[in-house]
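Student: Once you've had a glance at the structure underneath, I'll fire off some questions.
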Amino acid sequence: MSRIIKYFYVIEFFFLSGTFSFSVSRPKVSLVIWLVSSIFMLLVFKKKSNAYNWRILSFITFWILTVQFITTTSSFDNTYMTYILFPAGCLFGLSQFEFEELREKLLTTFSVICFTSIIAQLVFDFLHVPPVYMRDTAGMVYTTYFYIFNLAWGGDGASNLHRMSSIFWEPGQFQIVCFFILCLFTDKLTEIKKLKDIDIRFLPILLGIIYSQSTMGYIVLSLFLFVIVFFRKKHAGVSIKTLLTTGIILSLSFVAILAIMNSDVVQNKIEQRDNVGQANSYNIRMMDNLACLQATLDSPIFGMGINSKELTDRLISYGNTTSSNGWLYTSACLGIPYIFVFFLLMYKRLREMPSNVPRIFILAILILAHCNEAMIFFPYVYLYIFRINNKKNKILLYNK
(Lines give C-alpha, C1' and ligand atoms only; values in the text may rest on other atoms or scores of the structure.)
Protein backbone atom coordinates (compact mmCIF):
# COMPACT_ATOMS: atom_id res chain seq x y z
CA MET A 1 0.00 0.00 0.00
CA SER A 2 2.82 2.45 0.86
CA ARG A 3 4.32 1.88 -2.60
CA ILE A 4 1.00 2.74 -4.26
CA ILE A 5 0.61 5.88 -2.15
CA LYS A 6 4.09 7.06 -3.08
CA TYR A 7 3.55 6.42 -6.78
CA PHE A 8 0.26 8.29 -6.63
CA TYR A 9 2.08 11.23 -5.05
CA VAL A 10 4.75 11.13 -7.78
CA ILE A 11 2.04 11.15 -10.47
CA GLU A 12 0.51 14.15 -8.74
CA PHE A 13 4.00 15.74 -8.67
CA PHE A 14 3.98 15.87 -12.47
CA PHE A 15 0.35 16.84 -12.92
CA LEU A 16 0.91 19.86 -10.68
CA SER A 17 4.09 20.95 -12.49
CA GLY A 18 2.64 23.04 -15.28
CA THR A 19 -0.08 20.90 -16.87
CA PHE A 20 -2.91 22.62 -18.72
CA SER A 21 -5.53 20.45 -17.02
CA PHE A 22 -4.58 21.53 -13.48
CA SER A 23 -1.95 24.28 -13.26
CA VAL A 24 -3.66 26.42 -15.90
CA SER A 25 -7.33 25.48 -15.56
CA ARG A 26 -7.46 25.02 -11.78
CA PRO A 27 -4.43 26.75 -10.20
CA LYS A 28 -5.99 27.32 -6.76
CA VAL A 29 -7.37 23.80 -6.62
CA SER A 30 -3.96 22.48 -7.65
CA LEU A 31 -2.25 24.28 -4.79
CA VAL A 32 -4.77 22.94 -2.26
CA ILE A 33 -4.39 19.38 -3.62
CA TRP A 34 -0.60 19.63 -3.37
CA LEU A 35 -0.68 20.87 0.21
CA VAL A 36 -3.26 18.33 1.39
CA SER A 37 -1.45 15.44 -0.32
CA SER A 38 1.91 16.50 1.10
CA ILE A 39 0.52 16.74 4.64
CA PHE A 40 -1.13 13.33 4.11
CA MET A 41 2.27 11.91 3.13
CA LEU A 42 3.76 13.35 6.31
CA LEU A 43 1.01 11.83 8.47
CA VAL A 44 1.29 8.41 6.83
CA PHE A 45 5.10 8.00 6.71
CA LYS A 46 5.96 10.29 9.64
CA LYS A 47 9.44 11.29 8.45
CA LYS A 48 10.38 14.74 9.68
CA SER A 49 12.30 17.03 7.40
CA ASN A 50 15.75 18.17 8.50
CA ALA A 51 16.57 21.56 9.99
CA TYR A 52 18.36 22.65 6.81
CA ASN A 53 15.14 22.41 4.79
CA TRP A 54 13.20 24.31 7.43
CA ARG A 55 15.77 27.12 7.33
CA ILE A 56 15.35 27.37 3.57
CA LEU A 57 11.56 27.49 3.81
CA SER A 58 11.84 30.09 6.57
CA PHE A 59 14.10 32.23 4.38
CA ILE A 60 11.71 31.95 1.41
CA THR A 61 8.71 32.84 3.58
CA PHE A 62 10.44 35.70 5.41
CA TRP A 63 11.82 37.30 2.24
CA ILE A 64 8.56 37.09 0.30
CA LEU A 65 6.43 38.43 3.16
CA THR A 66 8.93 41.25 3.74
CA VAL A 67 8.81 42.24 0.06
CA GLN A 68 5.04 41.98 -0.23
CA PHE A 69 4.03 43.73 2.98
CA ILE A 70 6.91 46.11 3.72
CA THR A 71 8.84 47.15 0.61
CA THR A 72 6.08 46.88 -2.02
CA THR A 73 4.26 50.19 -2.33
CA SER A 74 1.37 49.21 -4.63
CA SER A 75 -1.54 46.78 -4.44
CA PHE A 76 -1.10 43.06 -5.16
CA ASP A 77 -3.16 39.88 -5.13
CA ASN A 78 -2.59 36.56 -3.31
CA THR A 79 -0.32 35.06 -5.99
CA TYR A 80 2.61 35.40 -3.59
CA MET A 81 1.17 32.53 -1.52
CA THR A 82 1.95 30.18 -4.40
CA TYR A 83 5.66 30.95 -3.99
CA ILE A 84 5.42 29.92 -0.32
CA LEU A 85 2.93 27.05 -0.23
CA PHE A 86 4.34 25.03 -3.14
CA PRO A 87 7.79 24.71 -1.49
CA ALA A 88 6.06 24.05 1.85
CA GLY A 89 4.29 21.09 0.26
CA CYS A 90 7.60 19.89 -1.18
CA LEU A 91 9.22 20.05 2.24
CA PHE A 92 6.47 17.85 3.76
CA GLY A 93 6.03 15.42 0.87
CA LEU A 94 9.49 14.92 -0.64
CA SER A 95 10.97 14.32 2.82
CA GLN A 96 9.07 11.01 2.95
CA PHE A 97 11.33 9.53 0.26
CA GLU A 98 14.91 8.37 0.15
CA PHE A 99 16.75 10.16 -2.64
CA GLU A 100 17.40 7.04 -4.71
CA GLU A 101 13.82 5.85 -4.26
CA LEU A 102 12.43 9.23 -5.28
CA ARG A 103 14.46 9.65 -8.45
CA GLU A 104 13.73 6.09 -9.57
CA LYS A 105 10.00 6.62 -9.12
CA LEU A 106 10.19 9.97 -10.88
CA LEU A 107 12.03 8.44 -13.84
CA THR A 108 9.67 5.48 -14.17
CA THR A 109 6.56 7.62 -13.93
CA PHE A 110 7.77 10.34 -16.27
CA SER A 111 8.99 7.78 -18.81
CA VAL A 112 5.48 6.29 -18.91
CA ILE A 113 3.97 9.79 -19.28
CA CYS A 114 6.31 10.54 -22.21
CA PHE A 115 5.67 7.16 -23.86
CA THR A 116 1.89 7.50 -23.69
CA SER A 117 2.15 11.13 -24.80
CA ILE A 118 4.11 10.14 -27.90
CA ILE A 119 1.48 7.54 -28.78
CA ALA A 120 -1.33 10.06 -28.25
CA GLN A 121 0.44 12.67 -30.39
CA LEU A 122 1.12 10.18 -33.21
CA VAL A 123 -2.51 9.05 -33.17
CA PHE A 124 -3.67 12.66 -33.41
CA ASP A 125 -1.15 13.71 -36.08
CA PHE A 126 -1.39 10.70 -38.38
CA LEU A 127 -4.56 8.75 -37.61
CA HIS A 128 -6.64 11.90 -36.98
CA VAL A 129 -8.74 10.36 -34.22
CA PRO A 130 -11.20 13.09 -33.12
CA PRO A 131 -10.10 14.90 -29.95
CA VAL A 132 -12.11 16.44 -27.16
CA TYR A 133 -11.91 20.17 -26.41
CA MET A 134 -11.39 21.88 -23.11
CA ARG A 135 -11.68 25.58 -22.24
CA ASP A 136 -9.72 27.06 -19.35
CA THR A 137 -10.79 29.93 -17.07
CA ALA A 138 -9.18 32.49 -19.41
CA GLY A 139 -11.22 31.21 -22.36
CA MET A 140 -8.36 29.42 -24.14
CA VAL A 141 -9.42 26.20 -25.87
CA TYR A 142 -7.21 23.12 -25.67
CA THR A 143 -7.36 20.16 -28.05
CA THR A 144 -7.00 17.03 -25.93
CA TYR A 145 -7.34 13.33 -25.53
CA PHE A 146 -9.04 12.35 -22.26
CA TYR A 147 -8.62 15.97 -21.05
CA ILE A 148 -5.00 15.02 -20.30
CA PHE A 149 -2.83 15.19 -23.44
CA ASN A 150 -2.34 18.61 -25.04
CA LEU A 151 -2.27 17.85 -28.78
CA ALA A 152 -2.62 20.80 -31.16
CA TRP A 153 0.33 23.03 -30.37
CA GLY A 154 1.93 24.46 -33.52
CA GLY A 155 2.23 22.25 -36.58
CA ASP A 156 2.91 23.15 -40.19
CA GLY A 157 0.61 22.89 -43.16
CA ALA A 158 2.65 20.29 -45.02
CA SER A 159 3.01 17.50 -42.49
CA ASN A 160 0.60 18.72 -39.80
CA LEU A 161 3.18 17.45 -37.32
CA HIS A 162 2.33 19.25 -34.12
CA ARG A 163 4.75 20.10 -31.36
CA MET A 164 4.31 17.67 -28.50
CA SER A 165 3.37 19.26 -25.20
CA SER A 166 2.56 15.98 -23.45
CA ILE A 167 0.35 16.82 -20.46
CA PHE A 168 1.79 20.33 -20.08
CA TRP A 169 0.49 23.71 -21.26
CA GLU A 170 3.13 24.07 -24.00
CA PRO A 171 6.26 22.35 -25.38
CA GLY A 172 8.56 24.77 -23.54
CA GLN A 173 7.19 23.69 -20.17
CA PHE A 174 7.42 20.04 -21.18
CA GLN A 175 11.14 20.27 -22.04
CA ILE A 176 11.86 21.97 -18.71
CA VAL A 177 10.45 19.03 -16.78
CA CYS A 178 12.39 16.63 -19.04
CA PHE A 179 15.74 18.18 -18.17
CA PHE A 180 14.98 18.59 -14.48
CA ILE A 181 14.40 14.83 -14.38
CA LEU A 182 17.35 13.87 -16.63
CA CYS A 183 19.79 15.94 -14.56
CA LEU A 184 19.04 13.73 -11.55
CA PHE A 185 20.80 10.89 -13.41
CA THR A 186 24.02 12.38 -14.77
CA ASP A 187 25.96 9.87 -12.65
CA LYS A 188 24.31 6.88 -14.35
CA LEU A 189 24.33 8.41 -17.83
CA THR A 190 28.08 9.08 -17.67
CA GLU A 191 28.79 5.51 -16.51
CA ILE A 192 27.30 3.79 -19.58
CA LYS A 193 29.91 1.42 -21.04
CA LYS A 194 27.83 -0.34 -23.69
CA LEU A 195 24.76 0.51 -25.70
CA LYS A 196 22.87 -2.25 -23.92
CA ASP A 197 23.62 -0.52 -20.61
CA ILE A 198 21.34 2.38 -21.53
CA ASP A 199 18.26 2.40 -19.33
CA ILE A 200 15.30 2.14 -21.69
CA ARG A 201 13.34 4.57 -19.48
CA PHE A 202 15.45 7.46 -20.79
CA LEU A 203 14.45 6.88 -24.42
CA PRO A 204 10.82 8.16 -24.28
CA ILE A 205 12.07 11.32 -22.55
CA LEU A 206 14.71 11.99 -25.20
CA LEU A 207 12.24 11.25 -28.00
CA GLY A 208 9.74 13.51 -26.30
CA ILE A 209 12.23 16.42 -26.33
CA ILE A 210 12.78 15.90 -30.05
CA TYR A 211 9.04 15.65 -30.75
CA SER A 212 8.43 18.85 -28.76
CA GLN A 213 10.25 20.83 -31.47
CA SER A 214 11.18 23.32 -28.76
CA THR A 215 14.08 25.57 -29.76
CA MET A 216 15.28 25.90 -26.18
CA GLY A 217 14.79 22.17 -25.72
CA TYR A 218 17.02 21.45 -28.71
CA ILE A 219 19.73 23.86 -27.58
CA VAL A 220 19.74 22.46 -24.03
CA LEU A 221 19.69 18.88 -25.35
CA SER A 222 22.84 19.64 -27.39
CA LEU A 223 24.57 20.97 -24.28
CA PHE A 224 23.33 18.04 -22.19
CA LEU A 225 24.61 15.44 -24.69
CA PHE A 226 27.96 17.20 -24.93
CA VAL A 227 28.36 17.28 -21.14
CA ILE A 228 27.37 13.61 -20.73
CA VAL A 229 29.79 12.47 -23.45
CA PHE A 230 32.67 14.76 -22.46
CA PHE A 231 32.54 13.76 -18.78
CA ARG A 232 31.79 10.12 -19.47
CA LYS A 233 33.48 8.02 -16.79
CA LYS A 234 36.70 6.34 -17.91
CA HIS A 235 37.02 2.66 -17.11
CA ALA A 236 40.24 0.78 -16.42
CA GLY A 237 41.29 -2.07 -18.69
CA VAL A 238 39.65 -0.73 -21.82
CA SER A 239 38.95 -3.40 -24.43
CA ILE A 240 38.61 -3.06 -28.19
CA LYS A 241 34.86 -3.58 -27.82
CA THR A 242 34.63 -0.77 -25.28
CA LEU A 243 36.65 1.53 -27.55
CA LEU A 244 34.33 0.75 -30.45
CA THR A 245 31.27 1.40 -28.27
CA THR A 246 32.78 4.69 -27.09
CA GLY A 247 33.50 5.67 -30.68
CA ILE A 248 29.94 4.88 -31.71
CA ILE A 249 28.49 6.86 -28.79
CA LEU A 250 30.75 9.86 -29.51
CA SER A 251 29.92 9.77 -33.22
CA LEU A 252 26.19 9.46 -32.66
CA SER A 253 26.24 12.27 -30.10
CA PHE A 254 28.22 14.53 -32.43
CA VAL A 255 25.85 13.82 -35.32
CA ALA A 256 22.85 14.38 -33.04
CA ILE A 257 24.21 17.76 -31.88
CA LEU A 258 24.86 18.87 -35.46
CA ALA A 259 21.40 17.70 -36.56
CA ILE A 260 19.75 19.51 -33.65
CA MET A 261 21.58 22.79 -34.18
CA ASN A 262 20.89 22.71 -37.93
CA SER A 263 17.25 21.67 -37.58
CA ASP A 264 14.49 23.84 -38.97
CA VAL A 265 13.27 24.56 -35.44
CA VAL A 266 16.56 26.12 -34.31
CA GLN A 267 17.38 27.79 -37.63
CA ASN A 268 13.92 29.33 -37.93
CA LYS A 269 14.27 30.84 -34.46
CA ILE A 270 17.70 32.25 -35.40
CA GLU A 271 16.29 33.76 -38.60
CA GLN A 272 13.59 35.52 -36.56
CA ARG A 273 16.25 37.87 -35.21
CA ASP A 274 16.30 39.68 -38.57
CA ASN A 275 12.53 40.25 -38.55
CA VAL A 276 12.65 43.26 -36.25
CA GLY A 277 9.23 44.52 -35.23
CA GLN A 278 7.39 41.31 -36.00
CA ALA A 279 5.49 39.57 -33.19
CA ASN A 280 7.38 36.30 -33.55
CA SER A 281 8.58 34.04 -30.76
CA TYR A 282 12.14 35.36 -30.75
CA ASN A 283 11.15 39.03 -30.55
CA ILE A 284 8.47 38.42 -27.90
CA ARG A 285 10.87 36.53 -25.64
CA MET A 286 13.68 39.04 -26.20
CA MET A 287 11.37 41.91 -25.24
CA ASP A 288 10.26 39.92 -22.17
CA ASN A 289 13.90 39.44 -21.16
CA LEU A 290 14.80 43.10 -21.62
CA ALA A 291 11.66 44.29 -19.82
CA CYS A 292 12.19 42.00 -16.82
CA LEU A 293 15.87 42.94 -16.69
CA GLN A 294 15.07 46.65 -16.71
CA ALA A 295 12.41 46.19 -14.03
CA THR A 296 14.98 44.31 -11.95
CA LEU A 297 17.47 47.15 -12.29
CA ASP A 298 14.77 49.64 -11.27
CA SER A 299 14.47 47.90 -7.89
CA PRO A 300 17.43 45.52 -7.57
CA ILE A 301 17.40 44.71 -3.85
CA PHE A 302 13.80 43.79 -3.01
CA GLY A 303 12.07 43.93 -6.38
CA MET A 304 8.60 45.36 -6.85
CA GLY A 305 6.56 42.53 -5.38
CA ILE A 306 4.96 39.42 -6.84
CA ASN A 307 2.19 40.39 -9.28
CA SER A 308 2.00 43.91 -7.86
CA LYS A 309 0.32 46.69 -9.81
CA GLU A 310 3.56 48.68 -9.96
CA LEU A 311 5.47 45.74 -11.45
CA THR A 312 2.70 44.90 -13.94
CA ASP A 313 2.48 48.50 -15.16
CA ARG A 314 6.27 48.81 -15.37
CA LEU A 315 6.66 45.59 -17.38
CA ILE A 316 3.91 46.62 -19.81
CA SER A 317 5.55 50.00 -20.32
CA TYR A 318 8.82 48.23 -21.15
CA GLY A 319 7.15 46.01 -23.77
CA ASN A 320 6.79 42.80 -21.78
CA THR A 321 4.12 40.39 -23.05
CA THR A 322 4.45 37.03 -21.28
CA SER A 323 7.20 37.40 -18.61
CA SER A 324 8.66 34.31 -20.24
CA ASN A 325 11.99 34.22 -18.36
CA GLY A 326 11.19 32.86 -14.92
CA TRP A 327 14.55 33.80 -13.39
CA LEU A 328 14.43 37.41 -14.58
CA TYR A 329 10.75 37.74 -13.69
CA THR A 330 11.42 36.47 -10.17
CA SER A 331 14.32 38.90 -9.75
CA ALA A 332 11.98 41.70 -10.86
CA CYS A 333 9.47 40.52 -8.24
CA LEU A 334 11.78 39.73 -5.33
CA GLY A 335 15.15 41.28 -6.13
CA ILE A 336 18.59 40.09 -7.19
CA PRO A 337 19.66 38.80 -3.72
CA TYR A 338 16.71 36.36 -3.66
CA ILE A 339 17.50 34.83 -7.04
CA PHE A 340 21.23 34.76 -6.19
CA VAL A 341 20.53 32.78 -3.02
CA PHE A 342 18.21 30.53 -5.05
CA PHE A 343 21.03 29.68 -7.49
CA LEU A 344 23.46 29.23 -4.62
CA LEU A 345 21.11 26.73 -2.93
CA MET A 346 20.69 24.84 -6.21
CA TYR A 347 24.45 24.58 -6.64
CA LYS A 348 24.89 23.44 -3.05
CA ARG A 349 22.20 20.79 -3.51
CA LEU A 350 23.81 19.60 -6.75
CA ARG A 351 27.09 19.06 -4.89
CA GLU A 352 25.23 16.66 -2.61
CA MET A 353 24.02 14.57 -5.57
CA PRO A 354 26.11 11.83 -7.20
CA SER A 355 27.54 12.88 -10.57
CA ASN A 356 30.71 12.72 -12.66
CA VAL A 357 29.86 16.10 -14.20
CA PRO A 358 31.07 19.37 -12.62
CA ARG A 359 28.03 20.79 -10.89
CA ILE A 360 28.38 24.21 -12.51
CA PHE A 361 27.55 22.60 -15.87
CA ILE A 362 24.44 20.92 -14.51
CA LEU A 363 23.35 24.19 -12.92
CA ALA A 364 23.84 25.95 -16.26
CA ILE A 365 21.65 23.35 -17.99
CA LEU A 366 18.88 23.76 -15.42
CA ILE A 367 18.99 27.56 -15.59
CA LEU A 368 19.06 27.60 -19.40
CA ALA A 369 16.21 25.09 -19.69
CA HIS A 370 14.00 27.31 -17.53
CA CYS A 371 14.75 30.59 -19.34
CA ASN A 372 11.55 30.49 -21.41
CA GLU A 373 8.84 29.96 -18.79
CA ALA A 374 7.75 32.30 -16.01
CA MET A 375 6.85 29.91 -13.18
CA ILE A 376 9.76 28.72 -11.02
CA PHE A 377 7.72 27.54 -8.02
CA PHE A 378 6.61 24.12 -9.30
CA PRO A 379 7.66 20.96 -7.40
CA TYR A 380 10.44 19.86 -9.81
CA VAL A 381 12.45 23.01 -8.97
CA TYR A 382 12.62 22.07 -5.30
CA LEU A 383 14.27 18.74 -6.09
CA TYR A 384 17.34 20.97 -6.42
CA ILE A 385 16.68 23.10 -3.34
CA PHE A 386 15.66 20.80 -0.49
CA ARG A 387 17.77 17.95 0.81
CA ILE A 388 16.28 14.50 0.19
CA ASN A 389 17.28 11.76 2.64
CA ASN A 390 19.73 9.09 1.61
CA LYS A 391 19.64 5.53 2.92
CA LYS A 392 21.61 6.40 6.05
CA ASN A 393 19.52 9.51 6.64
CA LYS A 394 22.69 11.56 6.19
CA ILE A 395 23.83 13.94 3.50
CA LEU A 396 26.77 12.89 1.35
CA LEU A 397 28.94 15.62 -0.15
CA TYR A 398 30.29 14.44 -3.50
CA ASN A 399 33.28 15.83 -5.37
CA LYS A 400 33.26 18.61 -7.98
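Student: Given the peptides 202-213, 343-354, 358-369, arrange them by the average over their residues of other C-beta atoms within 10 Å, most packed first. List each step's numbers first, then the result.
Tutor: Details: 202-213: 20.7, 343-354: 17.0, 358-369: 18.8.
My ranking of the peptides, most packed first, is 202-213, 358-369, 343-354.
Student: Over 19 Å between Cα atoms, which of LYS46/LYS188; LYS48/LYS188; LYS105/LYS188 qualify? Walk me through the numbers on the way to the answer.
Tutor: Working: LYS46/LYS188 30 Å; LYS48/LYS188 29 Å; LYS105/LYS188 15 Å.
Going by Cα-Cα distance, LYS46/LYS188; LYS48/LYS188 fall outside the 19 Å limit.
Student: OK, next. I'd like the FRET efficiency for SER58 and MET81, computed as 1/(1 + (r/R0)^6) with the beta carbon distance as r and R0 of 22 Å, rounded to 0.05. Could the numbers behind the result be given before it?
Tutor: Values: r = 16 Å, r/R0 = 0.72.
So, using R0 = 22 Å, E works out to roughly 0.90.
Student: As an exercise, identify the trypsin sites (Lys or Arg not before Pro) in segment 1-106 lying in DSSP coil whose Cβ has no more than 11 other Cβ atoms within 10 Å. All intermediate terms of the calculation are to be shown ahead of the outcome.
Tutor: On the way: sites: ARG3, LYS6, LYS28, LYS46, LYS47, LYS48, ARG55, ARG103, LYS105; in loops: LYS46, LYS47, LYS48.
Hits after loop and neighbour filter: LYS46, LYS48.
Student: Positive end of the charge dipole of segment 86-181 (Lys, Arg +1 and Asp, Glu -1 on Cβ, about the Cα centre): tell me which of LEU122, LEU102, THR143 has its Cα farthest that way.
Tutor: Farthest along the dipole direction, towards plus: THR143.
Student: Report the gain in length on full extension from LYS196 to GLU98: 0.36 nm times residue separation, minus Cα-Cα distance, nm rounded to one decimal. Don't skip to the answer; put the middle values down first.
Tutor: On the way: separation 98, 0.36 × 98 = 35.28 nm, distance 2.75 nm.
Gain on extension, LYS196 to GLU98, equals 32.5 nm.
Student: Under 17 Å between alpha carbons, and skipping anything fewer than 8 positions from LYS28 in its own chain: which aspartates and glutamates qualify?
Tutor: Excluding near neighbours in sequence, the set is GLU12, ASP77, ASP136.
Student: Sticking with this structure for a sec: Using θ = phi - 60° and the Karplus form 6.51 cos²θ - 1.76 cosθ + 1.60, what ³J(HN,Hα) does each residue of segment 214-227 get, whole Hz, x for Gly and Pro?
Tutor: Calculated HN-Hα couplings, in order: 8, 4, 5, x, 5, 5, 5, 4, 4, 5, 5, 4, 4, 5 Hz.
Student: Enter the accessible area per residue of segment 129-233 (Å², integer; probe 1.4 Å; all protein chains in place). Mind showing how you got there, number by number?
Tutor: Details: 4350 Å² over 105 residues.
With all protein chains present, segment 129-233 gives 41 Å² per residue.
Student: Could you tell me what percent of the accessible area of segment 310-392 is made up of carbon and sulfur, with a 1.4 Å probe and every protein chain present? Provide the component values of the computation, followed by the final result.
Tutor: Details: 1850 of 2760 Å².
Taking all protein chains in place, segment 310-392 shows 67 percent carbon and sulfur surface.
Student: Between PHE226 and LEU293, what is the FRET efficiency for a Förster distance of 41 Å, r being their Cβ-Cβ separation, to the nearest 0.05?
Tutor: Working: r = 28 Å, r/R0 = 0.67.
With a Förster radius of 41 Å, E is 0.90.
The values are calculated or read from the model by the stated rules, or taken from the named source; none is laboratory data. Treat the numbers as computed from the prediction; the structure is a model and nothing was measured. Cβ sites come from the backbone with ideal geometry, for glycine too, and all protein chains shown count toward neighbours. These accessible areas exclude ligands, DNA and RNA; they are computed on the full protein's heavy atoms, side chains included. Shrake-Rupley method; radii C 1.70, N 1.55, O 1.52, S 1.80 Å.
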